[in-house]
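To keep things clear, I will list the structure first and then write my remarks on it.
The values are calculated or read from the model by the stated rules, or taken from the named source; none is laboratory data. No experiment lies behind these values; they were computed from the predicted model shown. Cβ placement follows ideal geometry from the backbone for every residue including glycine, while neighbour counts extend to all protein chains displayed.
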Amino acid sequence: MNNKITGNIHSVETFGTVDGPGIRFVIFMQGCPMRCLYCHNPDTWSFGNNKQTTVDELLEKYESVKEFHKNGGITVTGGEPLCQIDFVTELFKQAKSKNIHTALDTSGILFDENNTGKFDELIKYIDLVLLDIKHIDEAEHKKLTGHSNKNVLDFAKYLSSNNIPLWIRHVVVPDITYKEEYLIKLGDFLKTLKNIKALDILPYHTMGIAKYKELGIEYPLKNIPAAEKEDAIKARDIILNAIYNKQN
Ligand code: SF4
């Protein structure tokens with residue numbers, strides 16, 4: 001057991017209902033190299049010093065509320081949790097030894113197909129990955145996040161070839177991702193994967209704006225309206241039709 005490793009944790013939510021199956025203990029890790037224009041957690045970006053937390057401390061906290069999580073488990077999110085991959089691996093390893101369901105919510109941006117050693121270790125202890133594909137188009141992904149989507153798509157393929165159950169997440173943003181050509185392209189990519197268990201298409205919302213104000217950062221999408229629930233439903237249909245080769 002590695003009791004020495006510590007994690008830089010932003011916060012913990014003991015009763016999460018949207019980040020994986022059942023009711024979940026959700027751990028928000030600090031630090032993210034991406035700068036998604038619609039990010040609603042800009043307070044997790046910095047790698048600054050939060051309280052360093054051990055795996056044991058987190059699992060003790062989980063144990064104290066585990067009655068709520070019978071059909072759930074632990075989800076690690078962020079920020080980008082894989083900035084602290086050694087900590088997440090140790091946490092999931094300990095969690096699996098206690099039969100706790102483990103889910104990782106990630107952008108996949110840190111994956112490197114030429115250097116998978118740490119990922120090979122991590123996936124031994126993962127029950128589910130929630131992979132957020134921000135934009136299927138390479139150039140648009142760069143505009144939206146500041147980074148290429150190559151690692152993200154490589155990570156999806158890697159998870160598929162290792163049979164790790166995958167929930168795909170995608171945010172529908174008016175004028176940015178909400179275009180038929182992109183949604184079809186996304187569906188065309190997803191149909192090459194064999195491990196998808198769910199497709200979570202979420203309408204872009206503007207609830208993060210207050211955090212930007214607090215942090216003194218200008219909100220980048222102030223001219224883009226929130227998407228409607230119906231937009232997300234339509235987008236999901238287009239993606240599913242592309243997956244199943246139907247006419248849109
Ligand atoms: S990857 Fe997540 S935490 Fe990082 S900037 Fe994008 S939305 Fe925000």
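Structure values in brief
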read-out	value
Meets criteria (within 16 Å of the ligand (Cβ to nearest atom) and at pLDDT 95 or above) for residue 123	no
Single residue of the range 13-50 satisfying the filter (more than 13 Å from the chain's Cα centre (by Cα) and among the polar types (S, T, N, Q)) that is nearest to the ligand (Cβ to nearest atom)	44
When residues of the range 79-102 are limited to those that are surrounded by fewer than 24 Cβ atoms within 10 Å (Cβ to Cβ) and outside any helix (DSSP H, G or I), the one nearest to the ligand (Cβ to nearest atom)	80
Residue 48 vs. criteria crowded, with 22+ Cβ neighbours inside 10 Å and outside any helix (DSSP H, G or I)	no
